[in-house]
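Chemist: Structure incoming, see below.
The values are calculated or read from the model by the stated rules, or taken from the named source; none is laboratory data. Not measured: the values here are computed from a predicted model. Cβ placement follows ideal geometry from the backbone for every residue including glycine, while neighbour counts extend to all protein chains displayed. Only protein heavy atoms, including side chains, enter the accessible area calculation; ligands, DNA and RNA are left aside. Shrake-Rupley method; radii C 1.70, N 1.55, O 1.52, S 1.80 Å.
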Amino acid sequence: MKSSIAHESLTIGNEKLPIESRAADNTTVFGFWMFLMTDFVLFASLFAVYAVLRGNTFGGPAGKDIFNAPYILTETILLLSSSFTCGLALLSAHKNSKRFVVFWLGVTALLGASFVAMELSEFGRLVAGGVGWQTSGFLSSYFTLVGTHGLHVALGVVWMIVLTTSIVMRGLTRGNLRKLMLMSLFWHFLDIVWIFIFTIVYMMGIN
Amino acid sequence: MNWTEFIFGKLSWSVFPQSPIAMGGGIFMVLVGFAIIFLITYYKKWGYLWKHWFTSLDPKKIGVMYIAVSVVMLVRGSADAFLMRAQQATSVGASQGILSASHFQQIFSAHGSIMIFFVAMGLMFGLINLVVPLQIGSRDVAFPFLNSVSFWLFVAGAALINLSLIVGDFSTAGWLSYPPLSELAFSPTSGVDYWIWSLQIGGLGSLLSGINFLVTIVKNRASGMTFMRMPMFSWTVLGAMSLVVFAFPILTATLALLALDRTLGMHFFTAGGGGNMMMYVNLIWAWGHPEVYILILPAFGIFSEVVPVFSGKKLAGYTSMVLSVIAIVFLSFTVWLHHFFTMGAGGDVNAFFGIMTAVIAIPTGVKIFNWLFTMYRGRIRFTSPMLWFMGFVVLFTLGGVAGVLLAEPAADFQLHNSLFLVAHFHTMIVSGVLFGYFAGFTFWFPKIFGFTLDERWGKRAFWAWLVGFILAFGPLYILGFMGATRRLDHYAANLGWQPLFIVAGIGAAIIGLGLICQVIQMYVSIKNRHKNRDTTGDPWGGRSLEWSTSSPPPAYNFAVLPVVHGRDAFWTAKQSGTVAAHRYEDIVMPRNSAIGIFIAGFVFLIGFGIVWHIWWLAILGLIGEFVSMLLRMFDDDTEEIISAEHIRVHEAAHHSRHATI
């Protein structure tokens, strides 16, 4: 269902695409869904590991001792709004407005980068306070799970910058539109993973 | 940190091999490498190889390269096997055999890792690359560039594992590196790191290939080829690739966690610090058991193509074959715990996994019966692919029954980690997977190279493998019952095991003769290639679409994309005498690209950098990676057009050859 939406959005712009090229784009989007699924299995493994190790604090702090609810909520709001602005970028692409695509992608990248910065500073605060990943099995799995997500977001920001550069340079070409579609799928996927992290790691950890 | 440490990490002169046999292995590898480089330079073939092979995005060429690398690795893995057999035949009582305990451990770890990741996986992806696009009537895979990246990642992983022969040592922790033994506290050298990163890099290639072929089969089938008209090999590949997509990310995660333990001092699987080592065993087998089916499913598919062709009948029970593939795909994720019943998960957990393991034998049994029914009342031609099948069907059934025996937790407590287990899984992997791939290689060889392989030497190779296999692994079943555990580097004389170990050693030597026969077969076949040329494109009386095009096929596979009206598409077309229309159009094909090689090369640098803690090298690799991807992203000129005129000339030549016979 989703991929057919994706397919629709690829036929936008003033280019009339031949049927083979549309099929090729459709294949790419399907392939990217497959990739996201493998990434999802990767995160599922890390979640399972976290679930096994979350009680193994080995004399170190537990989740409720180190998690800061308002801080996490701010991070969450940043990431969720970035998903919204990413959607706006795609809508602008629908309207074939290069200026707004670039603008909203810029906003999205900025929000994503702020999220990464907040996460890094939280990690830095924990490590400086002697609560590092070497302390216990729980903290190893916490840093790895949340850090893997953060790494994905950081890579997403880099991708976004490259893509925006490409759009500025070459406009909303078919290739760029396809990449925009894939990038937004990736970005929403990271949002979903974060919802799980927010719930399973932070909410269940604080209570 | 001083400057030497910054530049060289943990590297120093002491990491180069010290013992004579290890040094011999290293020197041998270096010599072979230099010999290959010298020969290519001498015959001035670098340009040719680079232009027509290394940078090629043609799946047929990538497939051939996969198989070439796998064969080299097969030689390496077999050398390890011969050393192990020699050690166990001689290291008894007062004699300590030819290897030190530590070297023996490195050898069995390398043997398993190499044979699974760089031989079986490589041969599998090689055959899939060669056959699947042709078989589903497609001109290419879904993502040709990604295919090249996958292949070169596989090469990078293989290179890293071989480098451990020369620089440093290899893991002594077995092919799956269970913690706590594989943790830094008990394996302080870089051996386990080599294991982690060569598998991680090779595994990443497999994962990307899995996505690629899954999408290829779902999206690129010829018009009219519904799923229930798809040839069985493509079906089994679809099943195997679904398993790759679901299972390999678990391996990626598990290896990464072990690497984090070893490199950053985390506590996922450590004995202390709140780690949980049994979690590793669960995770690795949640990947590892599906992996077994990833390897065997395509072999099943090969036999499902070979048996109908050489029996002159259509495959019996097509629908039940498809259903059994699907059943195996699902069930293979429900049996992983049978690898460690002795962990003590409790009676009900063990009972569940024991029953599921017995259940998964049922769809496999369905397949065995269908192949036999296909042969029944057929006009059987006893070619070498058919011989491989018949050797397979006997041994695989025996090995399967041994597996069902192991699936009973009560029996498993006796047989766990014994040579009985070793004999069981070698029966599945050698006489199942390897025999299957040999059959497929012989079967499709003329399609790719345009001439058939020599049958006389092929049959000799088969008999040597069959007899050698029975002699090499039959005794291990018995030894397992007698209490011999796996991975023994030495045992007491009064146990009376030595005669059986000597028989096993003789068996291994006969398998070695089989390998030599295969080398001779290749030589003789190339020498007589003009005599054995396949001018028709259909040397065996084939049934599926790959036989409808010329041998070797043109880069674009099909001049006119086929339209399918039923199962066994080519067979039906031959029967009804339908010939494809000769209206040719321009074909767009991907242009060659060297970026796949660069990407894999930089990944190799990252891997090597992390193994030896040379951080600047790893960072350099990351930057190179980023730049390579940018280059690809901003490259607009990735396609080329083959003109209709060019196609017409090629096709006319093929049809005139066809007509003269």
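Chemist: Which whole-percent values make up P(r) of the range B:234-382 when all C-alpha to C-alpha distances are grouped in 5 Å steps starting at zero?
Modeler: Result returned by the calculation: 2, 9, 15, 16, 15, 13, 10, 8, 5, 4, 2, 1, 0, 0.
Chemist: So if I place +1 on the C-beta of Lys and Arg and -1 on the C-beta of Asp and Glu, and nothing else carries charge, what would the dipole magnitude of chain B be about its Cα centre? I want it in debye, nearest 20. Please report the intermediate quantities before stating the final value.
Modeler: On the way: 37 positive and 30 negative charges, 428 e Å.
Using Cβ point charges on Lys, Arg, Asp and Glu, chain B gives about 2060 debye.
Chemist: Taking trypsin sites (Lys or Arg not before Pro) as exposed when DSSP calls them loop (any state but H, G, I, E, B) and at most 11 other Cβ atoms lie within 10 Å, what is the longest stretch of chain B free of them, the sites themselves excluded? The partial results should precede the final answer.
Modeler: On the way: sites that count: B:Lys44, B:Arg377, B:Arg379, B:Lys531, B:Arg583.
The longest such stretch corresponds to B:45-376.
Chemist: Which Cα, out of B:Ile196, B:Ser91, B:Pro385, lies furthest along the positive dipole direction of the protein assembly as shown (beta carbon charges, K/R +1, D/E -1)?
Modeler: Positive-most Cα among the choices belongs to B:Pro385.
Chemist: Find me the longest stretch of chain B that has none of the exposed chymotrypsin sites (Phe, Trp or Tyr not before Pro), where exposed means in a DSSP loop (not H, G, I, E or B) with at most 14 other Cβ atoms within 10 Å. Could the numbers behind the result be given before it?
Modeler: Working: sites that count: B:Tyr43, B:Phe186, B:Tyr376, B:Phe382, B:Phe634.
Value returned for the longest uninterrupted segment is B:383-633.
Chemist: Right, something else. List, in the order given, every pair from A:Lys95/A:Lys179; B:Lys44/B:Lys531; B:Lys447/B:Lys531; B:Lys313/B:Lys574; B:Lys60/B:Lys531 whose Cα-Cα distance in the structure shown is over 26 Å. Show your work: numbers first, answer last.
Modeler: Details: A:Lys95/A:Lys179 17 Å; B:Lys44/B:Lys531 28 Å; B:Lys447/B:Lys531 16 Å; B:Lys313/B:Lys574 14 Å; B:Lys60/B:Lys531 23 Å.
Too far apart for the 26 Å limit: B:Lys44/B:Lys531.
Chemist: Mind checking the log10 I(q)/I(0) for chain A at q = 0.11, 0.13, 0.18 Å⁻¹? Debye, one equal scatterer per Cα, no solvent, two decimals.
Modeler: The computed values of log10 I(q)/I(0) come out as -0.57, -0.75, -1.18.
Chemist: Another question, if that's okay. Out of residues 5 or more away from B:Asp169 or on other chains, whose amide H comes under 5 Å of its own, with H placed 1.01 Å from N in the peptide plane?
Modeler: B:Ser190, B:Gly191
Chemist: Apply the Karplus curve 6.51 cos²θ - 1.76 cosθ + 1.60, θ = phi - 60°, to the phi angles in the range B:206-219 and return the couplings in whole Hz, x for Gly and Pro.
Modeler: 4, 4, 5, 4, x, 4, 4, 6, 4, 5, 4, 5, 6, 9
Chemist: Put +1 on the Cβ of every Lys and Arg and -1 on every Asp and Glu Cβ in the range B:483-636; which of B:Trp571, B:Gly541, B:Gly507 then has its Cα farthest towards the positive end of the dipole?
Modeler: Towards the positive end, the residue furthest out is B:Gly507.
Chemist: Check which residues have an amide H placed less than 5 Å from B:Phe451's amide H, if you skip close sequence neighbours.
Modeler: B:Asp534
Chemist: What list of ³J(HN,Hα) couplings, whole Hz, do you get for the range A:28-36 from phi and the Karplus terms 6.51, -1.76, 1.60, once you set θ to phi - 60° and write x for glycine and proline?
Modeler: Going residue by residue, I get 4, 5, 4, x, 5, 4, 4, 4, 4 Hz, with x marking Gly and Pro.
Chemist: Here's something else I'd like to know. What's the longest bit of chain A with no exposed trypsin sites (Lys or Arg not before Pro), using DSSP loop states and at most 12 other Cβ atoms within 10 Å as the test?
Modeler: Numbers: sites that count: A:Lys16, A:Lys95.
After excluding every exposed loop site, the longest remaining stretch is A:96-207.
Chemist: Expressed as an acute angle from 0 to 90° and rounded to the nearest 10, what is the orientation of the C-alpha long axis of helix B:498-527 relative to the principal long axis of chain B?
Modeler: 30 degrees
Chemist: Could you tell me whether the protein assembly as shown comes out rounded, prolate or oblate from its Cα gyration tensor? Rule is a ≥ b ≥ c as square roots of the eigenvalues, rounded for a/c under 1.5, then prolate if a/b exceeds b/c, otherwise oblate. Walk me through the numbers before you get to the answer.
Modeler: Numbers: a/c = 1.59, a/b = 1.07, b/c = 1.48.
Oblate, because a/c is 1.5 or more while a/b does not exceed b/c.
Chemist: Using 20 Å bins from zero, what percent of all Cα-Cα pairs in chain B falls into each bin?
Modeler: Spelled out bin by bin, chain B gives 18, 53, 27, 2 percent.
Chemist: Convert 25 °C to kelvin, take the viscosity as 0.890 mPa s, use the Kirkwood radius over C-alpha pairs of the range B:368-414 as Rh, and evaluate the Stokes-Einstein diffusion coefficient in µm²/s, rounded to a whole number.
Modeler: On the way: Rh = 12.5 Å.
Translational D for this selection: 196 µm²/s.
Chemist: How large is the dipole of the range A:43-203 about the Cα centre if only Lys and Arg carry +1 and Asp and Glu carry -1, each at its Cβ, rounded to the nearest 20 debye? Show your work: numbers first, answer last.
Modeler: On the way: 10 positive and 5 negative charges, 155 e Å.
The dipole of the range A:43-203 has a size of about 740 debye.
Chemist: Rounded to the nearest whole Å², what accessible area per residue is found for the range B:96-142 with the 1.4 Å probe? Walk me through the numbers before you get to the answer.
Modeler: On the way: 870 Å² over 47 residues.
That works out to 19 Å² per residue.
Chemist: Turning to a different aspect of this structure: In whole Å, how far is the Cα centre of the range A:32-92 from that of the range B:128-189?
Modeler: Answer, in whole Å: 30.
Chemist: Hey, if you put +1 on the Cβ of every Lys and Arg and -1 on every Asp and Glu Cβ in the range B:7-294, which of B:Met121, B:Leu283, B:Ser100 ends up farthest toward the positive end of that dipole?
Modeler: Value computed over the given set: B:Met121.
Chemist: Take the solvent-accessible surface of the protein heavy atoms, probe 1.4 Å, and return the percent of it on the range B:257-303 that carbon and sulfur atoms account for. Please report the intermediate quantities before stating the final value.
Modeler: On the way: 610 of 840 Å².
Using a 1.4 Å probe with all protein chains present, the range B:257-303 comes out at 74 percent carbon and sulfur.
Chemist: Could you give each residue of the range B:82-89 its phi-based ³J(HN,Hα) in whole Hz, using Karplus coefficients 6.51, -1.76, 1.60 with θ = phi - 60°, and x for Gly or Pro?
Modeler: 5, 4, 5, 4, 5, 4, 6, 6
Chemist: Calculate how steeply helix B:144-166 sits against the longest principal axis of the alpha-carbon atoms of chain B, using the helix alpha-carbon long axis, and give the answer as 0 to 90 degrees to the nearest 10.
Modeler: Helix B:144-166 and the main axis of chain B meet at about 30 degrees.
Chemist: Right, here's the next one. Output the 0 to 90 degree angle, nearest 10, between the alpha-carbon long axis of helix B:419-428 and the longest principal axis computed from the alpha carbons of chain B.
Modeler: Roughly 10 degrees between the two axes.
Chemist: Express in whole angstrom the spacing between the alpha-carbon centres of the range B:448-462 and the range B:376-418.
Modeler: First find each Cα centre; the distance between them is then 25 Å.
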